[in-house]
Amino acid sequence: MNGTGGPPPVPFVMLTDRVQMIDGDYIRADNEWDEIAWVWQQTVAPKGCKQEIIDGVVMVTPLPSVAHSSVAERVQRRLYEVISDDWGIYQRLALAVPSRLGLYVPDLVVVPEGELRAGDDNFVPAGKAQLVVEITSKATVGNDRIHKAAGYAETGIPLYLLIDFLAPGGPTSTLYGEPKGDTYRVLRAGRYGAPIALPRPFDVALESGDFPQPSSAATTTSTGTEITVDSRIESRANRSPTP
């Protein structure tokens with residue numbers, strides 16, 4: 001237990017040799033990405049919540065709704081029927097986007113399994129993903145539509161499927177592709193319930209008519225929370241601790 005009666009803090013694990021502890025209270029990092037990634041790793045969130053970094057800010061979002069979880073499971077099940085045996089589909093895998101000070105945890109991501117053994121124990125480079133899927137809630141809708149879409153495009157992820165429960169006029173499904181810079185082109189868009197056709201290498205139609213309908217409860221989840229970093233670990237790469 002910690003001094004406030006909560007769970008113990010996450011034990012420190014060195015992300016890179018460029019991050020140093022100073023007197024147990026400060027860190028010194030060679031760059032801002034190493035620093036914010038260290039802060040993300042140290043953040044203790046409520047059980048089941050998702051921790052991400054969006055534009056350099058550590059964000060914590062609540063558990064998804066039942067409809068949200070059910071849609072993710074159905075998409076995952078269908079994708080497993082068509083992907084290569086050496087690819088995997090993950091619901092809690094962190095993708096690193098250092099150029100945007102981002103660390104995103106998509107609702108689904110398809111990644112070659114070998115990439116999970118090739119790098120950091122905490123995340124993989126976002127550019128290794130073949131497909132990402134986000135399902136919006138009030139806690140994530142702005143990030144899913146704007147910030148994460150730009151980050152996914154910038155790292156060259158070929159396909160981004162956005163299932164938007166909160167779209168004006170009713171839920172929609174939009175498939176983005178052909179990334180250029182931080183922008184995707186819309187490949188297909190339609191109302192929630194219409195088939196979602198994914199191109200090669202998936203070459204499959206997701207029958208979203210079988211997806212559960214989002215209820216009002218599913219679209220009124222709590223808003224995300226910005227974690228305020230303790231001033232003891234706010235040091236920049238060129239900042240020394242005050243005696």
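So, in region 155-188, of the ones that are in contact with a Leu (Cβ under 6 Å, 6 or more places away or on another chain) and of a type outside the set (Lys, Arg), which residue ends up nearest to His68 (Cα to Cα)? Looking at the filtered set, the residue picked out is Leu161.
Taking the numbered list (1) crowded, with 19+ Cβ neighbours inside 10 Å; (2) more than 17 Å from Ala197 (Cβ to Cβ) in turn, Glu115 passes all entries but (1).
Exactly one residue out of Ile89, Ile53 is under 19 Å from Leu101 (Cβ atoms) and at pLDDT 95 or above: that is Ile53.
For region 169-198, a residue qualifies if it is among the charged types (D, E, K, R) and within 14 Å of Val132 (Cα to Cα), and exactly one does: Glu178.
Residues checked against (1) under 21 Å from Gly102 (Cβ atoms); (2) touching a residue at least 12 places away in the same chain (Cβ under 8 Å):
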| position | (1), (2) |
| --- | --- |
| Gly142 | yes, no |
| His147 | yes, yes |
| Thr155 | yes, yes |
| Ile163 | yes, yes |
| Pro179 | yes, yes |
| Tyr184 | yes, yes |
| Leu198 | no, yes |
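Each row is one residue, and each column tells you yes or no for (1) in a strand (DSSP E or B); (2) of a type in the set (Gly, Ala, Ser); (3) in contact (Cβ under 8 Å) with a residue 12 or more places away in the chain.
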| position | (1), (2), (3) |
| --- | --- |
| Val58 | yes, no, yes |
| Val71 | no, no, yes |
| Arg74 | no, no, yes |
| Arg77 | no, no, no |
| Asp85 | no, no, no |
| Ser99 | no, yes, yes |
| Pro106 | no, no, yes |
| Val111 | yes, no, yes |
| Gly114 | no, yes, yes |
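A quick yes/no check of all residues on (1) at pLDDT 85 or above; (2) outside any loop (DSSP other than H, G, I, E, B):
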residue: Lys138; (1), (2): yes, no
residue: Ala153; (1), (2): yes, yes
residue: Pro168; (1), (2): yes, no
residue: Arg191; (1), (2): yes, yes
residue: Ala197; (1), (2): yes, yes
residue: Phe202; (1), (2): yes, no
residue: Arg236; (1), (2): no, no
residue: Pro241; (1), (2): no, no
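The values are calculated or read from the model by the stated rules, or taken from the named source; none is laboratory data. Because the structure is predicted, anything quoted here is derived from the model rather than measured. So basically every Cβ, Gly included, is an ideal-geometry build from the backbone, and we count neighbours across all protein chains shown.
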